[in-house]
1. Which condition from (1) open to solvent by less than 30 Å² (accessible area, probe 1.4 Å); (2) free of Cβ contacts under 8 Å to residues at least 24 places away in the same chain is the one that residue 276 breaks?
2. Please specify each residue of the range 1-58 satisfying the condition of being at pLDDT below 50, closer than 27 Å to residue 222 by Cβ and hydrophobic (A, V, I, L, M, F, W, C).
3. Out of 310, 297, I need the residue that is open to solvent by less than 40 Å² (accessible area, probe 1.4 Å), out of contact with any Lys or Arg (no Cβ under 9 Å at 6 or more places or on another chain) and hydroxyl-bearing (Ser, Thr, Tyr). Which one?
4. Quick one: which of 110, 85 is free of Cβ contacts under 8 Å to residues at least 12 places away in the same chain and of a type in the set (D, E, K, R)?
5. Could you check residue 175 against (1) open to solvent by 30 Å² or more (accessible area, probe 1.4 Å); (2) touching a residue at least 12 places away in the same chain (Cβ under 8 Å) and say which number it fails?
6. Starting from the range 191-220, take each residue that is assigned to a helix (DSSP H, G or I) and list its partners that are among the small types (Gly, Ala, Ser) and open to solvent by less than 20 Å² (accessible area, probe 1.4 Å), counting only C-beta distances under 6 angstrom and pairs at least six apart or across chains.
7. For the range 160-171, state whether one or more residues are touching a Ser or Thr at 6+ places or on another chain (Cβ under 9 Å), over 25 Å from residue 243 (Cα atoms), outside any loop (DSSP other than H, G, I, E, B) and of a type outside the set (Val, Ile, Thr).
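The values are calculated or read from the model by the stated rules, or taken from the named source; none is laboratory data. Everything numeric here is computed off the predicted structure, so don't read it as measured data. Cβ: placed from backbone, ideal geometry, glycine included. Neighbour counts: every protein chain shown. Surface areas here come from the heavy atoms of the whole protein model, side chains and all, with no ligands, DNA or RNA. Shrake-Rupley method; radii C 1.70, N 1.55, O 1.52, S 1.80 Å.
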Amino acid sequence: MTVTLDIARDNPNAPTVTAAASALAPNEDKPTLIGLSREELGEALGTIGVAQKQWRMRASQLWHWLYVRGVSDFAQMTNIAKDLRQKLDDNFTIVRPEIVDEQISVDGTRKWLFRFPPRGAGRPVEVETVYIPEEGRGTLCVSSQVGCTLTCTFCHTGTQKLVRNLTAEEILSQILMARDRLGDFPDASTPQGAIVPSEGRLVSNIVMMGMGEPLYNFDNVKKALLIASDGDGLSLSKRRITLSTSGVVPEIFRTGDEIGCMLAISLHAVNDELRDVLVPINKKWNLEALLDACRKYPGLSNAKRITFEYVMLKGVNDSNKDALELVRLLKGIPAKINLIPFNPWPGSEYECSDWERIEEFADIVNRAGYASPIRTPRGRDIFAACGQLKSASERMRKKDREALAAS
């Protein structure tokens with residue numbers, strides 16, 4: 001049974017988020033402090049009269065409250081003088097985004113639909129974020145764009161045209177909101193009946209595998225992930241942060257060099273002819289260019305392997321010949337191969353490979369020395385599984401945006 005929550009009623013232990021939707025939507029009249037570097041926080045403080053010699057200390061205080069304590073109200077920052085808290089509240093915002101919907105799958109997977117300000121799109125935009133609880137860890141699947149420019153034919157998200165990039169604040173806010181809702185900040189309570197890891201952090205892993213292509217929003221993704229992995233804040237290990245790309249080759253080296261996270265490649269085919277259809281970005285950067293970039297990924301080793309994602313499509317890419325060619329292609333690259341049973345969505349032309357076929361494919365890859373786990377489908381009943389995320393947001397026409405701005 002799928003559960004759709006009345007957020008205030010069904011999750012009383014989580015922070016209140018539904019008092020009034022309009023009051024919770026980020027105030028575009030005030031700049032946000034979420035997503036700013038420490039240096040930018042100091043500069044922001046300077047605009048409200050804080051002496052420069054205090055910037056570093058005050059920025060560290062804000063950083064702690066935002067990312068260690070997880071507060072969303074300046075009034076809770078009790079070691080900051082009351083008059084400064086009021087100045088902060090008058091000039092800045094740290095409010096969370098609005099939750100439009102929250103659903104819980106039969107397997108404990110949670111999906112949130114978050115609403116953010118228009119920021120050039122003409123109307124507020126919405127993105128989906130998914131939390132997957134497992135034994136020993138909790139993985140948060142984070143979106144980087146509203147919609148997607150890529151038109152991968154097996155992916156539901158690809159049927160939604162790109163509306164806009166998410167800001168660093170909006171990427172981080174997905175993490176903060178998930179931790180809020182799960183009671184994963186100090187002194188917070190886990191919602192009654194929630195399926196979460198039995199010990200440790202409830203959000204322990206981040207995967208940039210939600211809506212959008214992260215490397216087409218490189219600067220904002222980089223900024224957000226560096227804050228997420230900062231040891232004095234959210235403190236997520238870079239080995240527990242994985243960025244997935246469909247193959248934006250020029251940004252792959254930068255990802256390892258400037259972010260330092262784990263890398264996943266949305267591969268799905270072993271020849272250019274098929275990959276041109278399944279993952280059309282292949283027409284720009286083909287398999288040879290993509291795999292060459294993978295071999296040059298900074299820090300690549302058996303301890304820091306690249307994950308290759310391979311969706312199993314019945315009669316399309318699931319033959320024994322495909323498995324053998326996959327092994328040949330990846331020779332010399334420290335890698336593991338995630339085999340993903342296709343998750344159906346309305347209007348899709350594909351079917352999932354039979355389970356016996358997937359297992360035989362996995363056996364061939366395993367015998368060649370590569371780990372090839374078969375990903376257990378999670379959250380299918382709430383369309384939260386891999387390749388199923390999508391929102392209803394559309395970018396308004398230019399003349400409509402201009403008319404709205406002038407009104």
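1. (1)
2. Once the filter is applied, which keeps residues that are at pLDDT below 50, closer than 27 Å to residue 222 by Cβ and hydrophobic (A, V, I, L, M, F, W, C), the range 1-58 yields only 25.
3. 310
4. Matching residue, one of 110, 85: 85.
5. For residue 175, the exception is condition (1).
6. 214/144; 217/144; 220/168
7. Taking every residue of the range 160-171 in turn, none turns out to be touching a Ser or Thr at 6+ places or on another chain (Cβ under 9 Å), over 25 Å from residue 243 (Cα atoms), outside any loop (DSSP other than H, G, I, E, B) and of a type outside the set (Val, Ile, Thr).
This table checks each residue for (1) surrounded by fewer than 24 Cβ atoms within 10 Å (Cβ to Cβ); (2) of a type in the set (Gly, Ala, Ser).
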{"residue": "141", "(1), (2)": "no, no"}
{"residue": "144", "(1), (2)": "no, yes"}
{"residue": "148", "(1), (2)": "no, no"}
{"residue": "156", "(1), (2)": "yes, no"}
{"residue": "160", "(1), (2)": "yes, no"}
{"residue": "166", "(1), (2)": "no, no"}
{"residue": "171", "(1), (2)": "no, no"}
{"residue": "183", "(1), (2)": "yes, yes"}
